[in-house]
Amino acid sequence: MTRPGRGRVVATGPGSRVRVGAPAKINLDLRVLGRRADGYHDVRTILQSVALHDVVSLTARPGPLLVWCRQDAVPRGSSNLVWTAARLLWQALDREGQPRGVSIGIVKRVPVAAGLGGASSNAASVLRVLGRWWSAPPTTLRTVAATVGSDVPFFLKGGTVLATGRGERTRTLPPLPRYWVVLARPGFGVSTPAAYAWWDRDRPVVGPVARPAARWRHQLHHLANDLEASVVRRHPEIGEMVDRLRVVGAEAAAMTGSGSTVFGLFGTRAGAVRARRRVRRRGWRTWLTRTVGPAELARLATPACMD
Ligand code: C5P
C-alpha cells in the first residue's frame, strides 16, 4: 500500500479496489492556429476543471483487463479510451502480452461527445491509478497520456491550464476565482474530427484569430472558441444556446471544445440557478456546476480506497 496526500490510501494488492472522480473541463478560450502536416491542429486554449464528474473504479483482480459501464452510449471493452490508456501504459512499461490484472468500471455523469472531455478525463484517472499500481515513472505517464489523446495531459493536472501544441503541452495558470457554470447540451453530440474538418473548410469565412487579452481574467466576455462559428453553421441550435445564456446574464458564454455543450459563467449560485431555469427548452439538457480549484480537485481526483 502507498499513502498519497490527504490521508487517502491507494491499495495495490489483489482484490483491492479504489474509486476516483474524473472531473469534466470547459475550454474558457480556444484558438485554432492552423492545420499541421500530421492532420492535427495547433491550438492555444485555456482549460478549466469543473465539479461535474464521472466516477471510475479500479479493482485489482486476476485475468484479462475488463472495462465496463452500464450506460448504453459509452463504449465497452477495447473500444473505450480507458482501455487504450491501460494498453499503452502496459506496453510503455515493457510488460508482456495484453494488459491484465485489473477491472475498470465507469459511472457516467458527464455527457458524451459533448466537448467536456469525459472520456479523456476517465483515461487520465486510470493512468494515475495504474501508474501507481504498476510503478510507472511520471515521464512515462505524461508521454502515454499525450499518446492517448490531446486533452489527456490536461486531465493529469486539472485546474486552470494553458494548453498549446495539439493541446498536449500544458502550463498551470493561477487558479480562477470560483464561477458557477451552467452547461446546456442539445440532443446531439459533435465529433471532434468533424468540428476541426469544418474549421478547415470554413477558414476563409471565419477569418483570422485574435489572442485572448493578457488580462483575460478581468475580461471574460472576450474569451472565444474558434471552432464555434463552424459548428454553429452546421448546428444553429448551439448558437441559440450561447445567445440564450448571454441574455439570461452570463458573464461569458461559449461552446466548449468541439461542442455540442455550451457553458455560461456566473458570479453567484443564485444567478446561475435562475439562468438555468430560464435557459431550459424541450430537447436541451442543462447542468449546474462550478469551477474547481486545486484543493477541491485534489479531494475529487485522488484515488480513495473502497475496501
Ligand atoms: O487527440 P484526440 O484523439 O482527442 O483528437 C481527436 C481528433 O480531433 C483528431 O484525430 C483530429 O482529427 C482532431 N484534433 C485536431 N487537432 C487537435 C486536437 C484534435 O485536429 N489539436
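The numbers here are math on the coordinates, done by the rules we state, and not lab data. Keep in mind it's a predicted model, so treat the numbers as computed, not measured. When we count neighbours, we look across all protein chains shown, and the Cβ atoms used for this are built from the backbone with ideal geometry, even at glycine.
Structure data summary
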{"item": "Principal-axis tilt of helix 236-247 within the chain, Cα atoms, nearest 10 degrees", "result": "80 degrees"}
{"item": "Dipole in debye (nearest 20) - the chain, about Cα centre, beta carbon charges: Lys, Arg +1; Asp, Glu -1", "result": "860 debye"}
{"item": "Förster-model FRET efficiency, 35 Å R0, Arg95 and Arg169, C-beta, rounded to 0.05", "result": "0.80"}
{"item": "The stretch 189-307, relative contact order [Cα under 8 Å, separation at least 6], %", "result": "20 percent"}
{"item": "Computed magnitude of the charge dipole of the stretch 109-190 (debye, nearest 20; Cβ of K, R +1, Cβ of D, E -1)", "result": "160 debye"}
{"item": "Extension gain from Asp200 to Arg87, taking 0.36 nm per residue of separation minus the Cα-Cα distance", "result": "37.5 nm"}
{"item": "With Cα atoms, 0 to 90° folded angle of helix 269-279 axis to the chain main axis", "result": "70 degrees"}
{"item": "Computed over the stretch 149-251: relative contact order in percent, which uses C-alpha pairs under 8 Å that are six or more apart", "result": "18 percent"}
{"item": "The chain: relative contact order in percent, alpha carbon pairs under 8 Å with at least 6 residues between", "result": "25 percent"}
{"item": "Positive-end residue, the stretch 156-257 charge dipole about Cα centroid, Cβ charges, pick of Ala197, His235, Gly159", "result": "Gly159"}
{"item": "Degrees separating the helix 118-133 axis from the principal Cα axis of the chain, which is the longest one", "result": "30 degrees"}
{"item": "Residues Arg280, Arg35, Arg128 arranged by fewest to most Cβ contacts within 10 Å", "result": "Arg280, Arg35, Arg128"}
{"item": "Burial ranking of peptide ranges 152-158, 22-28, 110-116 (average Cβ count within 10 Å, highest at the top)", "result": "22-28, 152-158, 110-116"}
{"item": "Global geometry of the stretch 172-271, whether rounded, prolate or oblate, following the gyration tensor of its Cα atoms and the 1.5 cut on a/c", "result": "oblate"}
{"item": "Highest average packing first - 291-301, 42-52, 255-265, Cβ atoms within 10 Å", "result": "255-265, 42-52, 291-301"}
